[in-house]
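Asks: Below you'll find the structure I mean.
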Amino acid sequence: MNITVCVKQIPDQSSPGKLDPGSHNLVRDGKLILDDSDSYGVEMALQLAAEAGGGEVTLVSMAPNGEVSGIRTALAMGADKAVLVSDAKLAGADALTTAKVLAAAIKRNPFDLVIAATESTDGYTGTVPVQIAEILDIPSVSFAKKVELSGGILKVQRQTELGYDQVECPLPALISVTAGVVEPRYPSFKGIMSAKSKPVEVLEASTLGIEPGRNQEIITVRSAEERSSGVIITDEGDAHQQIIEFLEQLKVI
Amino acid sequence: MTLSKIWVFAESTESGITSTSLELISAASKFADHVEVFVASPEPGYSEIVGAYGATKLIQVTDVNDRLIGTVVASAMAQLLSGNTVDAIFFAMTPEGRDCAARLSVKLDVPVLTNVVNLSVDGTRLVSEHAIFGGSEIVQAGFTGSSPAIFAIRAKSFTAESRGGMPAEVVQVGVGDLGSAGKARIVEQHLEERSGPKLDEAPVVVSGGRGLGQAENYKLVEELAKLLGGAPGASRAIVDAGWVPYSYQVGQTGKTVKPNVYIACGISGATQHMVGMKGAKNIIAINKDEDAPIFSIADLGIVGDVHKIVPKLIEALQSRT
Ligand SMILES: Cc1cc2nc3c(=O)[nH]c(=O)nc-3n(C[C@H](O)[C@H](O)[C@H](O)COP(=O)(O)OP(=O)(O)OC[C@H]3O[C@@H](n4cnc5c(N)ncnc54)[C@H](O)[C@@H]3O)c2cc1C
Ligand SMILES: Cc1cc2nc3c(=O)[nH]c(=O)nc-3n(C[C@H](O)[C@H](O)[C@H](O)COP(=O)(O)OP(=O)(O)OC[C@H]3O[C@@H](n4cnc5c(N)ncnc54)[C@H](O)[C@@H]3O)c2cc1C
């Protein structure tokens with residue numbers, strides 16, 4: 001069973017994000033890391049491939065400047081190889097363009113299943129995975145919170161607004177998984193060492209036959225109205241009284 | 001009016017058209033003369049409610065069966081679009097809304113503007129607003145290409161207002177076979193039972209986070225919510241940990257709430273949590289770390305231990321009744 005996992009490499013989220021004042025694109029300088037959200041997809045792929053008795057786990061990523069740090073993390077977890085699309089022309093690409101690029105990258109290797117995260121941490125449009133499925137003309141099950149494979153059929157608990165749906169789907173297919181679907185492993189020392197020699201194919205958009213277009217634009221960026229903080233007190237044993245008084249003022253009680 | 005026609009994908013549950021869908025219909029009726037609503041249900045009564053909120057037409061997609069709604073409705077829309085001029089299509093940022101918008105965007109080769117929190121008219125096009133970096137900055141964006149413009153809109157961005165409109169004209173469409181894309185099937189639906197007011201409609205929301213320490217302690221949150229006539233909510237950390245179901249989650253990937261009072265117990269205030277509750281009129285936060293980001297938006301912040309404060313608060317409220 002061959003599984004392809006989409007892994008996004010993003011700026012470290014511990015430092016606040018910034019938009020470039022000229023282009024309005026997210027500033028992506030400095031080292032990129034594997035999006036936490038995608039570590040669940042990588043783990044899920046490794047588990048499903050092992051259960052199926054083998055097959056390759058391939059990563060696909062689109063990132064600027066030939067960035068591979070995040071890919072190496074996922075290879076260190078146990079993925080076999082990767083395809084990276086890196087091209088200055090793709091800077092500021094919208095989600096649809098990203099999906100076209102990733103779909104073309106996915107097609108370079110045989111796959112039975114494609115896994116992505118429900119949404120990325122930095123762009124969080126949550127549309128790329130299902131756009132990929134539509135381009136590849138395969139079924140998709142988004143918001144997967146539990147995934148099993150039996151007899152070539154995916155059995156997925158798909159989160160809904162009101163609970164979950166039990167969904168069945170034949171392969172090939174795409175699933176987007178929620179955080180918490182599995183517990184991602186930490187790369188072992190051996191994994192980290194072997195990741196360095198695993199193959200990463202680096203491509204440009206034109207090799208995939210993609211000419212990025214633009215049909216949405218950012219018009220302005222402004223600071224939101226600050227919500228100012230009010231009173232901060234330290235509990236001296238009577239904080240509950242202060243809460244009660246506040247609720248009384250608001251006529252909630 | 002500025003625009004001629006807007007389509008809205010409305011979602012429904014056993015209790016009718018969702019409140020988020022009514023918000024979208026209300027918003028659309030402010031911008032366009034013709035508001036046509038897609039719904040994946042044969043329920044005839046919906047023509048009255050969507051009409052009241054401003055829809056002129058109700059398009060019922062009749063052959064969803066056990067297929068995923070987003071995939072089916074995207075096909076219905078793509079089919080009806082040929083020979084139809086539509087300025088914009090509105091989706092909610094729900095699982096179904098995102099599925100549908102994503103599939104449709106590929107069919108039409110038009111990107112989707114997502115996480116929209118406001119819309120306004122600029123000349124003859126709609127301009128959307130997006131709250132980024134946890135809501136500290138607002139980005140305005142618009143489409144430059146040909147129509148339709150596709151917007152995926154966050155809940156509670158608009159108010160649902162009945163305008164007392166006439167029932168919408170009803171038409172029915174079927175989509176037939178969807179090929180490979182239609183092969184995913186729903187074999188069973190699980191509804192999570194909840195009692196008390198709905199999380200996104202309750203006047204008071206009490207949410208718990210990892211600071212509660214263990215699943216057991218969530219009952220403090222439930223008890224407090226009940227005493228205040230409110231609904232219990234949660235951060236993603238404790239949903240992922242399995243303490244409470246996903247339907248309790250407040251934030252970026254969960255519910256957007258705008259109650260009169262929001263009480264955060266042991267929640268740090270990650271940007272993804274704050275986008276879901278920043279709109280509350282009054283925010284009370286209890287956290288033992290005085291540097292927790294949640295305090296930056298709290299009207300009343302208590303630096304202290306939830307395990308000490310919440311039980312006393314519950315007791316004090318009980319003794320009042
Ligand atoms: C604040 C902000 C707002 C934005 N708003 C919009 C918008 O409204 N509309 C729009 O079209 N674009 C938008 N963009 C651009 C969009 O984020 C990028 O196009 C991005 O390349 C892909 O979208 P995403 O991260 O939102 O993907 P999502 O759909 O949220 O990603 C889901 C999953 O798809 C996979 N995936 C996504 N991107 C990659 C990648 N580069 N490499 C490998 N796997 C990947 C990962 O598994 C990821 O977890 C926005 C960007 C920012 C920073
Ligand atoms: C793509 C994406 C989407 C996300 N969507 C959401 C979302 O929809 N909703 C959401 O909530 N999160 C979301 N998150 C996760 C978010 O980033 C945070 O990880 C999460 O909100 C943290 O939850 P928490 O505040 O409960 O936990 P923590 O951040 O661990 O905070 C626990 C807090 O409890 C305090 N505490 C500990 N003990 C006590 C005590 N005894 N008394 C008082 N205080 C105590 C600590 O000081 C700390 O501030 C998302 C993340 C990503 C990447």
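The values are calculated or read from the model by the stated rules, or taken from the named source; none is laboratory data. Values in this document were obtained by computation on a predicted structure and should not be read as measured data. We place every Cβ from the backbone using ideal geometry, glycine too, and count neighbours over all the protein chains shown.
Asks: Examine region A:10-28 for a residue that is away from every other protein chain (no Cβ under 14 Å), farther than 23 Å from A:T178 by Cβ and near ligand 1 (Cβ under 10 Å from one of its atoms), and state whether such a residue exists.
Replies: Yes - at least one qualifying residue is present in region A:10-28.
Asks: Here's another thing I want to ask about it. Being within 13 Å of another protein chain (Cβ to nearest Cβ) and farther than 30 Å from A:V156 by Cα is true for just one of A:I175, A:I210. Which residue is that?
Replies: Exactly one residue qualifies, and that residue is A:I210.
Asks: Another question, then. If a residue has to be within 16 Å of ligand 2 (Cβ to nearest atom) and either touching a helix residue (DSSP H, G or I) at 6+ places or on another chain (Cβ under 6 Å) or touching a residue at least 40 places away in the same chain (Cβ under 8 Å) (or both) to count, how many in region A:131-145 make the cut?
Replies: Residues in region A:131-145 being within 16 Å of ligand 2 (Cβ to nearest atom) and either touching a helix residue (DSSP H, G or I) at 6+ places or on another chain (Cβ under 6 Å) or touching a residue at least 40 places away in the same chain (Cβ under 8 Å) (or both): 2 in total.
Asks: Now for a different question. Where in region B:140-254 are there strands (runs of 3 or more DSSP E), lying fully within it, with 3 or more residues that are assigned by TED's automatic domain parsing to the domain that holds B:N118 and closer than 19 Å to B:T94 by Cα?
Replies: B:149-153
Asks: Would you mind finding the one in A:K155, A:K198 that is away from ligand 1 (no atom under 15 Å from the Cβ), in contact with an Asp or Glu (Cβ under 8 Å, 6 or more places away or on another chain) and more than 22 Å from A:L34 (Cβ to Cβ)?
Replies: The match here is A:K155.
Asks: OK, next. With the requirement that a residue be surrounded by fewer than 18 Cβ atoms within 10 Å (Cβ to Cβ) and within 16 Å of ligand 2 (Cβ to nearest atom), what does region A:34-74 give you?
Replies: A:D36
Asks: Additional query: Can you confirm whether region B:110-124 contains a residue that is of a type in the set (S, T, N, Q), over 25 Å from A:E119 (Cα atoms) and within 12 Å of chain A (Cβ to nearest Cβ)?
Replies: yes
Asks: So, in region B:226-248, how many residues would count as being away from ligand 1 (no atom under 16 Å from the Cβ) and either facing chain A (nearest Cβ under 10 Å) or more than 27 Å from B:L317 (Cα to Cα) (or both)?
Replies: Of the residues in that region, 11 qualify.
Asks: Out of all the residues in region A:78-90, which are within 27 Å of B:G97 (Cα to Cα) and either more than 9 Å from ligand 1 (Cβ to nearest atom) or buried (at least 24 other Cβ atoms within 10 Å of the Cβ) (or both)?
Replies: none
Asks: Something else about it: Which pairs turn up if I take residues in region B:286-302 that are at the interface with another protein chain (Cβ under 10 Å from one of its Cβ atoms) and closer than 12 Å to B:G269 by Cβ and look for partners that are in a helix (DSSP H, G or I) and within 16 Å of ligand 1 (Cβ to nearest atom) with beta carbon separation below 8 Å, at least 6 apart in sequence or on another chain?
Replies: Pairs found: B:I294/B:M274; B:I297/B:M274.
Asks: Report the residue count in region A:201-210 for those that are without any contact (Cβ under 8 Å) to a residue 24 or more places away in the chain and either in a loop (DSSP other than H, G, I, E, B) or surrounded by 15 or more Cβ atoms within 10 Å (Cβ to Cβ) (or both).
Replies: 0
Asks: Select from region A:197-219 the residues that are among the charged types (D, E, K, R) and at pLDDT 95 or above and list them in ascending order.
Replies: A:K198, A:E201, A:E204
Asks: Based on what the data block shows, is B:F143 surrounded by 18 or more Cβ atoms within 10 Å (Cβ to Cβ), within 7 Å of chain A (Cβ to nearest Cβ) and within 26 Å of A:P21 (Cα to Cα)?
Replies: Considered against the rule, which asks whether it is surrounded by 18 or more Cβ atoms within 10 Å (Cβ to Cβ), within 7 Å of chain A (Cβ to nearest Cβ) and within 26 Å of A:P21 (Cα to Cα), B:F143 comes out as yes.
Asks: Residues of region A:1-18 being within 12 Å of ligand 2 (Cβ to nearest atom) and not hydrophobic (A, V, I, L, M, F, W, C), which ones?
Replies: Passing the criteria: A:K8, A:Q13, A:S14.
Residue by residue, here is whether (1) within 14 Å of chain B (Cβ to nearest Cβ); (2) among the polar types (S, T, N, Q) holds:
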| residue | (1), (2) |
| --- | --- |
| A:I192 | no, no |
| A:L203 | no, no |
| A:R214 | yes, no |
| A:R227 | yes, no |
| A:I233 | yes, no |
| A:D238 | yes, no |
| A:Q242 | yes, yes |
| A:F246 | yes, no |
| A:V252 | yes, no |
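Asks: How about region A:26-79: which of its residues are free of Cβ contacts under 8 Å to residues at least 60 places away in the same chain and in a helix (DSSP H, G or I)?
Replies: Answer for region A:26-79, where residues must be free of Cβ contacts under 8 Å to residues at least 60 places away in the same chain and in a helix (DSSP H, G or I): A:A49, A:A50, A:P64, A:N65.
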